[in-house]
Structure formats: structure tokens, C-alpha cells
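S.K.: Mind looking over this structure? Questions follow.
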Amino acid sequence: MTTQTRKVAVIAIGGNSLIKDAKHQTVEDQYQASKETTFHIADMIEAGWDVAIGHGNGPQVGFILRRSEIAAKTEGMHEVPLDVCGADSQGAIGYALQQTLQNWLFQRKINKNVATVVTQVLVDRNDPAFKSPSKPIGGFMEEAEAKRREAALGWSVVEDAGRGWRRVVASPLPKEVVELDTVKALINAGVVVITVGGGGIPVIDPGDGNYQGTAAVIDKDYASSLLAQSIKADLLLISTAVEKVALNFGKPDQKWLDKITLSEARQYLAEGKHFAKGSMAPKIQAIIWYLENGGKHAIITNPENIGRALRGETGTHIVQG
């Protein structure tokens, strides 16, 4: 494929692409879920797209943290910092995605390599989010356990929708993909790149130019949007649990959206009643930022409908205008 005809897409895949439900959380379950998702990404690559893949990692980081806590309590092992948990999850999830995708490409006789880049994302150390942590991570706890950890470890904890108590950390905005030049070089070489996993490992510059990890979580859709802007991607595709986006979701006047403009997306988001704050709203915001900064076309759909959405048969398409 010549440079002139290349089409580059950033795909952000959600947690449902890796963990289907509470009964399918093992490493093997996640591998099989990854296999299903990468089958549809292979369709996209076969159709001529060069692809960078971002992914969520919330449950996986929670598992790593929990193992660390148990090992510390029972064996006196050192606990694993949150930024290192993020790095661990990038490697493990990247391994599953790159192996399953590479296998699909091999079966289709498509000569493309797949690589995972353990990716840092710079955040502002003065981001207001650090003063009001809000992103739940890890498993649920009883109130007594949560309060004990709050006192002993300096955690911020909250009661989460009647399901139990959880740790919360800051969710600062991504400012820069640290390994951007490496990601660009790989894409230009025709390699499928798995990057900004879990939104990237959050790092700050303390003021001396040296990066250091910080206990935070970056929204993976925001990071994927930043990546798409930075590499001037032709498409930002956000893969999630629903085939299309709806206005007034779950209400009697629910309306599925096939195609909307940037200005309509801004309007619907500003109205504040259509998109859930913790799920669809950040996806719409991520797309708005992408289109505002030179993006051409964005799609929201579920993994099994990626091929149909690319043909314009389904999904919610958001375009300039």
C-alpha cells in the first residue's frame, strides 16, 4: 500500500472486550475474549487499514493490586505501586492482543507484525484532578477495611453505588504520549501497534525534566483521542458494549443515533442528560477533542459490528460539521 492511500485508525477497546462478565475473569477467559475482539480488528486490517490499538485495564489493575495486597499481608512481600501495576497490565493485555491478532493475520496470510509498546503518558502535576480523586480502582471492600486502608496507606476511598467501598485516585487529562515517536515509526513501518494501554502509565515532570510515575488513572478514551490527534489518524473508532449511541438511553423516548456532526455532539454532551458520566460521556468528549483538532471521522460501536460500521451499515458515526 502506498503512502498516499494509507488509512490509519486508532481503535480504543473497552473492558467488555477483555472481561465479558464476573464469571469470566481468568487469564484464559481474557485471552478468549481478546481473540474474539482481534478477529474483528483483523477484518479491518484485511480491508486495508493500518491500526493502533488502545485498551482499558481497570479490572486487571485491580487484580494486580489485590494480589499485591494479599502477598503483603500473608507473606510480607512488598506492595506494587499503581503505576507499576499499569505497566504490568499493559504487558499482559498487550501479549494477549498481539498474539491473538498475529495468529489471525497469519491464518489470513497477511504479512504484518504486531507489537506492544509499554507507553507512558505525561500529565500535569498541577491538574485539579489530584485534589479531588474520583476514579474507582481495584475491588470492592467492606467499609471497615476501606477506612483502615485510608488511615494506614493514605488512600482516598468512597462508597460506590451501594456495591461496597473502593479506592479512588485522580484521573488527570493526558498531555503527551511519551513514546509517540516510537509509535509513529512502527505505524509508518506497517506494524500494528498496541499502545496507551489503560490510558497509558501516568507520569509527571516534577520540574527537573525527569519523568516519574504517579498514582493516577488516565481515561483510555481520552488517551486514545490524544494519540489519534498526534498521529493525524483518519479514524478514531471506540469499541464498547453497545452497537450505537442513544439519546435518553434506557428511557421511553430513547433514540438511537446513526450519524451526527461535531456541533450536534457538543450540544448533546452539554445538555448533560443523554450520556452517563462514567461511560458514554467521556467517549463523546474524546471524539469531540479528536474532531476539534483535525480529526475526520469517528465511530462508536461494539466489537462484533466493527466491520459493518466501517461499511456504514451500523454504529454511530460522528463527523465534522
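Values in this text are rule-based calculations from the coordinates and carry no lab data. Just so we're clear, the structure is a prediction, and the values are computed from it rather than from any experiment. Cβ coordinates were reconstructed from backbone atoms using ideal geometry, including for glycine residues, and neighbour counts include every protein chain displayed.
S.K.: Working only with C-alpha atoms, what are the Rg and Dmax values of segment 1-131, expressed in angstrom?
M.R.: That works out to 17.5, 59 Å for Rg and Dmax.
S.K.: Can you work out ³J(HN,Hα) from phi for every residue in segment 60-73, in order, using Karplus 6.51 cos²θ - 1.76 cosθ + 1.60 and θ = phi - 60°, giving whole Hz and x for Gly and Pro?
M.R.: Going residue by residue, I get 5, 4, x, 5, 4, 4, 5, 4, 4, 5, 5, 5, 5, 6 Hz, with x marking Gly and Pro.
S.K.: Can you tell me the orientation of helix 143-153 relative to the chain, as the angle in degrees between its alpha-carbon axis and the longest Cα principal axis, to the nearest 10?
M.R.: That helix lies at roughly 80 degrees to the long axis.
S.K.: What translational diffusion coefficient, in µm²/s and rounded to a whole number, does the Stokes-Einstein relation yield for the chain at 20 °C and a viscosity of 1.002 mPa s, taking the hydrodynamic radius as the Kirkwood radius over Cα pairs?
M.R.: The estimated diffusion coefficient comes to 106 µm²/s.
S.K.: Going down the table (LYS112/LYS283; LYS135/LYS283; LYS23/LYS251; LYS20/LYS109), which pairs top 18 Å between alpha carbons?
M.R.: Flagged as over cut-off: LYS112/LYS283; LYS23/LYS251; LYS20/LYS109.
S.K.: Could you tell me which of ALA189, GLN102, THR119 has its Cα farthest along the dipole of segment 65-211 towards the positive end, charges placed at Cβ (Lys, Arg +1; Asp, Glu -1), taken about the Cα centre?
M.R.: The residue sitting farthest along the positive end of the dipole is GLN102.
S.K.: Which of the listed residues, TYR290, LEU262, GLY86, is farthest toward the dipole's positive end in the chain, when Lys, Arg count +1 and Asp, Glu count -1 at the beta-carbon?
M.R.: Result: LEU262, furthest along the dipole toward the positive end.
S.K.: If you don't mind, another one. Can you list the HN-Hα couplings for segment 210-224, worked out from phi with the Karplus curve (6.51, -1.76, 1.60; θ = phi - 60°), rounded to whole Hz and with x for Gly and Pro?
M.R.: 9, 6, 9, x, 9, 7, 7, 10, 9, 4, 5, 6, 5, 5, 5
S.K.: Here's another thing I want to ask about it. What angle do you read, to the nearest 10 degrees and between 0 and 90, between the alpha-carbon axis of helix 27-46 and the longest principal axis of the chain?
M.R.: Computed tilt is about 20 degrees.
S.K.: Taking 0.36 nm per intervening residue step and subtracting the Cα-Cα distance, what contour gain separates ALA71 from VAL158 on full extension?
M.R.: Contour length minus Cα-Cα distance gives 28.9 nm.
S.K.: A follow-up question, please. Kindly state, to the nearest 0.05, the FRET efficiency for VAL319 paired with ALA115, given R0 = 30 Å and r defined as their beta-carbon distance.
M.R.: Efficiency at R0 = 30 Å is approximately 0.45.
S.K.: In addition: From the alpha carbon gyration tensor of segment 203-321, can you work out the equivalent ellipsoid semi-axes (sqrt of 5 times each eigenvalue) and give them in Å, largest to smallest?
M.R.: Largest first, segment 203-321 gives 28, 17, 14 Å.
S.K.: 222 nm [θ] for the chain, helices only, -39500 (n - 2.57) per DSSP H run of 4+, per residue, to 500?
M.R.: -12500 deg cm²/dmol
S.K.: I've got another one for you. Please compute, for the alpha-carbon atoms of segment 135-269, the extent along each of the three principal axes and give them in descending order in Å.
M.R.: Sorted largest first, the three principal extents are 54, 49, 26 Å.
S.K.: As an exercise, find the ratio Rg/Rh for segment 246-309 from alpha-carbon atoms, using the Kirkwood inverse-distance average for Rh.
M.R.: So for segment 246-309, dividing Rg by the Kirkwood Rh gives 0.96.
S.K.: Which three numbers, in whole Å and largest first, are the semi-axes of the equivalent ellipsoid of segment 188-234 derived from its Cα gyration tensor as √(5λ)?
M.R.: Square roots of five times the eigenvalues give 23, 13, 10 Å.
S.K.: Another question, if that's okay. Give the distance, in whole Å, between the Cα centre of segment 170-237 and the Cα centre of segment 76-144.
M.R.: The distance from the Cα centre of segment 170-237 to that of segment 76-144 comes to 12 Å.
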